[in-house]
Amino acid sequence: MTQHIVLDRVSKRFPPAKRGGDPIVAVDDVSLSIEQGEVFGIIGYSGAGKSTLVRLINQLEPVTEGAIRVGDVEISGLRGKALREQQTRIGMIFQRFNLLHSRTVAGNVAYPLEVVGVPRAERRRRVEELLEFVGLAGRADAYPEQLSGGQQQRVGIARALAANPQVLLADEATSALDPETTAEVLDLLARVNRELGVTIVVITHEMEVITRIADRVAVMEAGRVVETGSTYDVFTRPTTDVAKRFVATVVRALPEGDELVALRAQHEGRLFTISFTDEGASEARVFGALARAGVDFNLVHGGVDDIQGRVYGLLTIAVRGDAAAIDAALAQIGPGVTVEEQR
Amino acid sequence: MNELVQILPDLLEQTGIMLWIVAASLLFGGIGGLVVGTGLFVTRTGGVLQQPVVWWVLNVLVNTFRPIPFIIFLAAMQPLGRLVVGKGIGTEYAIFAIALAATFGIARIVEQNLVSIPSGVIEAARSTGASPWRIIRTVIIPEALGPLVLGFTFAIIAIVDMSAVAGLVGGQGLGNYAITYGYRQFDPVVTWSALVVIVIVVQLIQALGNLLARRILRR
Ligand SMILES: Nc1ncnc2c1ncn2[C@@H]1O[C@H](COP(=O)(O)OP(=O)(O)OP(=O)(O)O)[C@@H](O)[C@H]1O
Ligand SMILES: [Mg+2]
């Protein structure tokens with residue numbers, strides 16, 4: 001794997017809102033390395049600096065400090081024509097699609113081709129091919145407002161891919177879409193990555209999006225990257241509070257507080273939480289051991305998730321029976337599964 | 001009725017002259033206003049051609065000249081008119097003064113319409129590597145075209161108004177005609193005929209502008 005996008009101690013400060021105030025630090029000393037051909041996710045709450053960070057990658061904003069390299073080119077050092085030429089190699093899609101309403105679907109997709117000077121006939125051929133790819137063949141002459149949000153984002157994707165970029169930046173590309181349409185657009189992005197080999201950087205505040213398509217993820221908070229790793233690792237073993245909170249939005253995490261009290265009231269016996277990753281073991285082993293020991297149990301909370309095709313389970317069970325028998329059964333479970341009693 | 005028939009040839013001739021003055025000053029003032037207004041929009045902070053000094057100069061110019069009542073502007077620009085069109089009275093001077101005043105007025109109208117373009121659309125164009133000049137031509141102007149047409153329609157009507165005032169410095173046209181023959185010679189038929197013609201002209205311009213804008217906006 002080769003590094004495709006490298007950020008080296010990058011900071012971005014905006015002038016203070018009031019004269020004499022402190023500058024706004026939108027991105028604070030961020031170093032990242034994004035591999036060729038991967039889908040890299042950046043997640044964070046509103047104001048964390050995600051959009052600013054992604055706009056630094058294609059230099060819609062100049063960096064205040066640090067350097068950014070895309071491919072062999074240090075893009076953060078470029079200005080004017082040289083910069084614009086590099087920008088033609090980086091596609092971008094947006095939350096609000098940002099299509100030109102003065103142009104048809106075909107006109108929008110053709111735009112980057114005009115910028116790079118592709119002749120008309122070639123342009124027409126390429127537009128047709130792109131619309132086919134994103135599943136909008138036949139809508140070439142429609143205007144943006146005649147399309148649904150999902151279709152508009154497909155046009156956005158076709159436009160971003162028109163000039164054959166090696167990188168695609170997606171800033172909250174699905175945040176304005178309903179869950180079903182989000183899934184379709186994410187599938188399309190995954191196809192762009194797989195079939196065209198485009199390196200994709202997705203920015204989002206939704207953990208769903210990350211678990212669906214990102215190979216690796218960086219968690220941002222207050223301008224800094226506080227945690228980076230493979231999506232599976234960050235998901236199953238988040239270390240920072242922000243990361244834990246994001247993970248909790250997709251997995252029904254451990255029951256806490258009122259929820260735990262309610263569970264205790266509803267179920268007799270002791271509560272245990274079983275967690276397991278895809279490293280061989282599963283909940284079956286726990287259930288088997290308990291059954292063999294003749295103890296009665298039922299599932300009261302949690303579930304099993306699919307992250308990038310890998311499993312992650314976090315289940316809470318209520319167990320009734322002889323305390324010693326329960327402890328003995330659980331003691332033989334072995335590695336790969338952790339069982340913790342909720343006290 | 002008889003008198004109406006009598007004044008008809010003059011009325012038509014003066015209407016023609018008025019339309020000519022309006023068209024000529026619209027051409028120059030329209031281009032001027034489009035350039036200055038677009039200039040204001042693209043040179044401001046965050047614009048595609050951010051140039052604080054240029055923006056400041058344009059802004060001061062527009063702010064200074066736009067609020068001057070046209071009747072005073074008309075008198076004050078005479079020296080400049082002699083320099084540019086060779087005279088400080090007459091139809092040519094009227095066209096010069098109206099075009100200049102319209103430039104400042106239209107500049108603000110243009111700027112206001114451009115500000116309403118969602119910034120994301122311009123950002124999307126920038127992300128494709130488009131040059132500032134290309135963005136002005138292919139994004140900024142086309143995206144605001146509908147409102148711009150309505151803005152220009154508004155401006156043309158203001159120009160019709162100015163063309164009538166320009167009768168004061170001997171600019172020909174319906175204004176001069178109404179003042180000379182209607183007002184000074186106490187002939188209400190002339191005054192009212194001129195008024196009716198102007199109302200019709202304005203209505204036609206507005207209808208045309210609305211139609212065009214609706215076409216562009218596809219609604
Ligand atoms: N052009 C700008 N001028 C001044 N401050 C800015 C500018 N752009 C962003 N900021 C500030 O930088 C910080 C980070 O903003 P940014 O838009 O990058 O956050 P984000 O993570 O994308 O948030 P969201 O999820 O709301 O889009 C915010 O405090 C924001 O106000
Ligand atoms: Mg953002």
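Mean shadow of region A:150-222, computed from the convex hull of its alpha carbons, in nm²?
On the way: hull surface 19.9 nm².
Over all viewing directions, region A:150-222 projects a mean Cα-hull area of 5.0 nm².
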Provide the solvent-accessible area of B:TRP55, counting protein heavy atoms only and rolling a 1.4 Å probe, rounded to the nearest 10 Å².
70 Å²
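Quick one: of the DSSP bridges fully inside region A:124-255, what percent are antiparallel, nearest 5?
Details: 6 of 11 bridges.
Given both bridge residues lie in region A:124-255, the antiparallel proportion sits at roughly 55 percent.
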Taking only protein heavy atoms and a 1.4 Å probe, what accessible area per residue, in Å², does chain B have with all protein chains in place?
51 Å²
Using a simple spin-label model with points 7 Å from Cα along the Cα→Cβ vector, what separation in nm is obtained for B:LEU83 and A:ILE24?
4.4 nm
Antiparallel DSSP bridges in chain A: what percent, to the nearest 5?
70 percent
Taking the simple approach of a point 7 Å from Cα along Cα-to-Cβ for both A:ALA222 and B:THR180, what is their distance in nm?
7.8 nm
Cut-off 10 angstrom, C-alpha nodes, Gaussian network model of chain B. Which of B:PRO147, B:PRO69, B:PRO132 fluctuates the most?
B:PRO69
What average number of partner chain Cβ atoms lie no more than 10 Å from the Cβ of the residues making up B:127-139?
6
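Accessible area per residue of region A:3-248 at 1.4 Å probe, in Å²? Can you show the working numbers first?
Working: 10420 Å² over 246 residues.
Averaged over the residues of region A:3-248, the accessible area is 42 Å².
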Max mean-square fluctuation residue, GNM over chain A, Cα-Cα springs under 10 Å, options A:GLU38, A:GLU61, A:GLU195:
A:GLU195
The protein assembly as shown -> Rg/Rh from Cα coords, Kirkwood Rh, value 1.18
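Over all alpha-carbon pairs in region A:64-153, figure out the percentage whose distance exceeds 23 Å. Kindly include the intermediate steps, with their values, before the conclusion.
On the way: 1440 of 4005 pairs.
Above the 23 Å cut-off, region A:64-153 has 36 percent of its Cα pairs.
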Can you give the angle from 0 to 90° between the axis of helix B:2-43 and the longest principal axis of chain B, with both taken from C-alpha atoms, to the nearest 10?
20 degrees
For residues of B:117-125, the mean tally of beta carbons on other chains within 10 Å
5
Can you tell me the relative contact order of region B:136-219? Whole percent, Cα pairs under 8 Å, sequence separation 6 or more.
35 percent
Each residue of region A:125-134 in turn: what ³J(HN,Hα) in whole Hz from Karplus with 6.51, -1.76, 1.60 and θ = phi - 60°, glycine and Pro shown as x?
4, 5, 4, 4, 4, 5, 5, 4, 4, 8
Given a 10 angstrom Cα cut-off, can you work out which residue in A:VAL73, A:VAL202, A:VAL105 is the most mobile in a GNM of chain A?
A:VAL73
Starting from the Cα of A:LEU260, step 7 Å along the direction of its Cβ; do the same at A:ALA67; then give the gap between the two resulting points in nm.
5.0 nm
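Ignoring everything except DSSP H segments at least 4 long, calculate the 222 nm mean residue ellipticity for chain A; use -39,500 (n - 2.57) per segment, divide by total residues, nearest 500. Intermediate results must be reported in sequence, preceding the final value.
Details: 12 runs with 124 residues, N = 343.
Value at 222 nm, helices only, nearest 500: -10500 deg cm²/dmol.
When you count, for each residue, the other Cβ atoms within 10 Å and take the mean per peptide, how do B:198-211, B:90-103 rank with the highest first? Please list the in-between numbers first.
Values: B:198-211: 13.9, B:90-103: 24.3.
Descending packing order for the listed peptides: B:90-103, B:198-211.
Give me the inter-chain shielding for A:94-104: mean count of other chain Cβ atoms within 10 Å, whole number please. Can you show the working numbers first?
On the way: counts 5, 1, 4, 3, 9, 3, 7, 9, 12, 4, 0.
That works out to 5 on average.
Stretched out fully, how many nm does the piece from A:ASP241 to A:ARG310 gain, at 0.36 nm a residue minus the Cα gap? Kindly include the intermediate steps, with their values, before the conclusion.
Numbers: separation 69, 0.36 × 69 = 24.84 nm, distance 2.33 nm.
Additional length available on full extension: 22.5 nm.
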Sorted by chain and number, the residues with a modelled amide H under 5 Å from that of A:VAL27, at a separation of 5 or more or across chains, are A:LYS12
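Determine the share of the protein assembly as shown's accessible area contributed by carbon and sulfur atoms, expressed in whole percent, with a 1.4 angstrom probe. List each step's numbers first, then the result.
Numbers: 15150 of 26970 Å².
Whole-percent figure for carbon plus sulfur exposure: 56.
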Summed buried accessible area for B+A [probe radius 1.4 Å, Å², rounded to 100]:
1800 Å²
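Over all directions, what mean area does the Cα convex hull of region B:71-134 project, stated in square nanometres?
Numbers: hull surface 24.5 nm².
That works out to 6.1 nm², a quarter of the Cα hull's surface.
Contact order normalised by length for chain A, with contacts defined as Cα pairs under 8 Å and 6 or more residues apart; what percent is it?
Working: 651 pairs, mean separation 58.6, N = 343.
Here the relative contact order equals 17 percent.
The values are calculated or read from the model by the stated rules, or taken from the named source; none is laboratory data. Model, not experiment: these values are computed from the prediction. Every residue, glycine among them, receives a Cβ derived from its backbone with ideal geometry; neighbour counts consider all protein chains shown. The protein model used for the area step is the full one, side chains on, heavy atoms only, and it has no ligands, DNA or RNA in it. Shrake-Rupley method; radii C 1.70, N 1.55, O 1.52, S 1.80 Å.
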